[in-house]
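The values are calculated or read from the model by the stated rules, or taken from the named source; none is laboratory data. These numbers were taken from a predicted model, which means no experiment stands behind them. Ideal geometry is used to build each Cβ from the backbone, glycine not excepted, and the neighbour counts take in all protein chains shown.
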């Protein structure tokens with residue numbers, strides 16, 4: 001089965017810097033590696049979903065500039081449908097600087113640019129014709145809230161399940177995700193929503209249950225190297241990560257969410273879907289970069305098989 005989804009969110013040109021550490025103010029530091037590549041949470045997820053065997057329609061905006069043209073070339077080469085991606089003449093393509101430390105942890109500086117120019121009318125014109133053919137709708141919090149609220153309403157009206165990657169941290173209404181099939185925040189994003197820190201397993205379970213009580217059918221709390229915590233009406237379950245040597249965690253969450261969405265739409269039980277998503281995130285985190293690091297199905301299955309063989 002090859003599910004089809006629409007993904008709403010950011011398309012960004014990433015400047016990815018491999019650095020010994022985060023520099024101090026005023027410091028001049030040599031970086032062993034700098035690369036420029038297409039990224040953005042939605043663009044990454046669309047490529048991952050496609051590489052894993054699904055079909056993805058991406059909805060958003062770039063600028064009418066060279067970065068935007070390159071993003072279109074890259075996305076089309078991956079088989080992502082970009083007919084719903086506009087080119088704003090007045091704003092540049094979104095861009096970001098990603099600092100990657102030796103342990104794979106990252107720090108981000110993002111200029112959203114044209115991503116924030118998406119208008120409800122534009123979104124509706126591109127999304128409405130797709131709805132009869134969609135198995136799911138995935139979005140994050142990098143597009144204007146009015147557009148996402150409209151998309152959620154349209155999806156609900158057409159019985160299209162909604163998958164919400166609740167990041168980055170934005171003061172968006174819970175109305176966006178109260179009916180979500182799955183809400184997938186990472187730890188800082190979950191802390192921002194529930195209003196208290198997650199410091200141990202007990203507080204992680206409390207936060208997941210708190211989020212679940214607010215409406216979504218399931219919550220999957222992404223915990224990085226510790227794996228993920230699944231909360232639904234039937235279970236609270238920690239699903240451990242795959243052991244890897246982390247190189248760059250920048251796109252791991254996007255790969256995770258794409259893999260989780262695909263697996264659920266294929267009919268896998270939630271614990272199995274989360275384990276598949278963990279493998280997708282692990283593949284992405286084991287190599288440098290954002291969109292180029294997105295996993296392919298064969299790589300995910302190879303990691304899962306290796307883990308089973310050594311268990």
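Miscellaneous remarks
- Matching residues in the stretch 175-191 - criterion: being surrounded by fewer than 16 Cβ atoms within 10 Å (Cβ to Cβ) and under 22 Å from residue 281 (Cβ atoms): 188
- Near pairs, Cβ below 7 angstrom, 6+ apart or cross-chain, from the stretch 78-91 (within 12 Å of residue 65 (Cα to Cα)) to any residue that is modelled with pLDDT under 95 and assigned to a strand (DSSP E or B): none
- Within the stretch 114-132, one or more residues are modelled with pLDDT of 95 or more, under 30 Å from residue 246 (Cβ atoms), within 20 Å of the chain's Cα centre (by Cα) and crowded, with 20+ Cβ neighbours inside 10 Å.
- Filtered residues of the stretch 155-171 (kept if crowded, with 20+ Cβ neighbours inside 10 Å, free of Cβ contacts under 8 Å to residues at least 60 places away in the same chain and not in a loop (DSSP other than H, G, I, E, B)): 155, 162, 164
Yes/no matrix, rows are residues, columns are (1) touching a strand residue (DSSP E or B) at 6+ places or on another chain (Cβ under 6 Å); (2) in a strand (DSSP E or B):
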position	(1), (2)
95	yes, yes
109	yes, yes
130	yes, no
142	no, no
149	no, no
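- Those strands (runs of 3 or more DSSP E) lying entirely in the stretch 1-82 with at least 1 residues surrounded by fewer than 24 Cβ atoms within 10 Å (Cβ to Cβ) and at pLDDT below 95: 12-18, 33-39
- Selection within the stretch 193-212: residues that are farther than 20 Å from residue 169 by Cβ and surrounded by fewer than 12 Cβ atoms within 10 Å (Cβ to Cβ). The member of this set that is modelled with the highest pLDDT is 202.
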